[in-house]
Amino acid sequence: MGGALSSFVASSAVLAILAAPPAGAPVDPPQGPDAPAASDTSVGRLSSGGTDNGALELGLGSAALAIGLGLVVAGSFDLKRGLDRKRQCDADPFTSSCTIDAPGLVFASVGLAWGFSIPALVGGGLLLRRGARIHRDHRQFHRLASQAHLSLWFDGRRRGNGGVNLRLRF
């Protein structure tokens, strides 16, 4: 089992090195729905004009991370139980606990728990990142909106219609 894990780690490292772009290569700008557009970098875009504070994304991200960590902990306890059961079954393979709850089944449950924890942890991290970006945009929008704004206006259809608007938010 240790040899398979070390070969997996080594092959992952080799793939990461081979897939990396060469040093000094141009980096493409980020793509996708979260990538900032060159023309639309205004404050309040992510927070929908200051109405969304990112609480939903932060809450769901926290819950997904808690589920992922719970699966890692459950898998770790099952791994310890599986190793103990394997030692017990190596000593006496004909006990009823070795046939009903075989060590291979316990190790399969470890693999499933750890396998399902990976998407939960990655998804939770991405949701937390998005929630933090939305919350930062929300705070910045309201910080800018709480200042004084002075604007001049005039109506070209009627003569003499015009004025000054002063808006204070605090």
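The values are calculated or read from the model by the stated rules, or taken from the named source; none is laboratory data. Please read these numbers as outputs of a predicted model, since none were measured by experiment. All Cβ positions, glycine included, derive from the backbone under ideal geometry; neighbour counts span all protein chains shown.
For the range 55-158, which helices (runs of 4 or more DSSP H) that fit wholly inside it have 1 or more residues that are in contact with a Phe, Trp or Tyr (Cβ under 7 Å, 6 or more places away or on another chain), surrounded by 14 or more Cβ atoms within 10 Å (Cβ to Cβ) and at pLDDT 95 or above?
Qualifying helices (runs of 4 or more DSSP H): 55-91.
Please state which one of P22, P26, P33 is closer than 22 Å to L121 by Cβ, modelled with pLDDT under 90 and out of contact with any Ser or Thr (no Cβ under 8 Å at 6 or more places or on another chain).
P33
Of all residues in the range 88-113, which are closer than 13 Å to G68 by Cα and out of contact with any Leu (no Cβ under 7 Å at 6 or more places or on another chain)?
Matches in the range 88-113: L112 only.
Restricting to the range 72-113, name every residue that is of a type in the set (A, V, I, L, M) and more than 33 Å from the chain's Cα centre (by Cα).
Hits for the range 72-113 are A91, I100, A102.
Pairs under 7 Å by beta carbon, first residue more than 23 Å from G123 (Cβ to Cβ) in the range 61-86, partner charged (D, E, K, R), six or more apart or different chains?
Qualifying pairs under 7 Å: R85/D101.
Before we move on, is D52 surrounded by 13 or more Cβ atoms within 10 Å (Cβ to Cβ), of a type in the set (D, E) and in contact (Cβ under 8 Å) with a residue 40 or more places away in the chain?
Yes.
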